[in-house]
Amino acid sequence: MAENIVILTGAGISAESGIKTFRASDGLWENHRVEDVATPEAFFRNPLLVQNFYNQRRDQLQTPAIQPNAAHQALAKLEAAYPKGNVLVVTQNIDDLHERAGSRQLIHMHGEILKGRCQTSGGLVQIDHDLTPTLPCPLCGKQGCLRPHVVWFGEMPLQMETIYRALAHCDRFISIGTSGNVYPAAGFVEEANRHGAHTIELNLEPSQRLTAFAEHRHGLATELVPDYVE
Ligand code: BJW
């Protein structure tokens, strides 16, 4: 059994829970590519459009139909089987399906849709309702100051120091359901390789980073992940 495991997850792990991925053929949101709405420039230009993108996804996440699937559950079980806390899930996803499945050692490197961030103070608030450009911020009182607590293109992903430290000490790096298009996450496999970890990709199809992995298995996350970790 590996001692220290780092697991990177992407949109593909939540696909079978009913959440759309970004780069599938039906991945467009109202004809916008994610690269056109997930930027600070897009938010500055058209805050209503960008807020709506996140409002719709937040609303969807909170419907009873959206639940963690067998892949999320298998990762939570894996963590429970390592009581010393040496299983770390780093997710690019902004949904809360890992925590609902029971994962506790978890980093949301691209943020969390159920949180808002005050652009004046940097403070975070729990959000379960729609954000609008005229809504007063509960932290500073200014209108339109609250933005979704997510990481857009050109912004620094969260907790990078902790992630690189974990990659430097891991024996196994497992990448699940990510296309390998977006950095720095797409470069984690090299970092793990450099430190001597065994690296494996579990994805529906070969990702952009396929050749960097020592091992790969392709298929549905709900089948591959329980098979691999249990
Ligand atoms: C299944 C499945 C099933 C389907 N079972 N699998 C040129 C070169 C290199 C880098 C750059 C460059 N120009 C700019 C950059 C940097 C840029 C970047 O990477 N751009 C690329 C487009 C090239 N990156 C950034 O700007 C990042 N910040 C940064 O770099 O800061 C500087 C820095 C420097 C040094 C160190 C650290 C930082 C920030 C990136 C922020 C990304 N934000 C988003 C939006 C988040 C909020 C939101 O959700 O709206 O994050 S974009 C979007 O892409 C989202 C995702 O987390 C991310 C990755 O997508 P993911 O998860 O891989 O989804 P898909 O749809 O692409 O793939 C799904 C996969 O699942 C597919 O392969 C399917 O086959 C598979 N799948 N069903 C198993 N059932």
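Read-outs: derived from the displayed coordinates by stated rules, not from any lab. Since we're looking at a predicted model, the values are computed, not measured. Cβ coordinates were reconstructed from backbone atoms using ideal geometry, including for glycine residues, and neighbour counts include every protein chain displayed.
Below are the figures for this structure:
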read-out: Relative contact order (%) - criterion: Cα under 8 Å, at least six apart; region: segment 103-215; value: 20
read-out: Segments 117-128, 186-197, 84-95 sorted - mean Cβ within 10 Å per residue, highest first; value: 84-95, 186-197, 117-128
read-out: Difference of contour (0.36 nm per residue) and Cα-Cα distance, Glu205 to Glu35; value: 59.0 nm
read-out: Label-to-label distance, nm, for residues given as His218 and Glu3 (7 Å Cα→Cβ offset); value: 3.5
read-out: Label-reachable residues, segment 155-180, where backbone N falls under 13 Å from a point 7 Å from Lys84's Cα toward its Cβ; value: 170-171
read-out: Euclidean distance of C-alpha centroids, segment 6-48 and segment 198-230, integer Å; value: 21
read-out: Structure-based [θ]222 nm, the chain - -39500 (n - 2.57) summed over DSSP H runs of at least 4, per residue, nearest 500; value: -8500 deg cm²/dmol
read-out: Segment Leu135-His169, extension gain: residue separation times 0.36 nm, minus the distance between their alpha carbons; value: 7.8 nm
read-out: Hypothetical label at Phe153: residues of segment 16-36 whose amide nitrogen lies under 12 Å (7 Å Cα-Cβ projection); value: 33-36
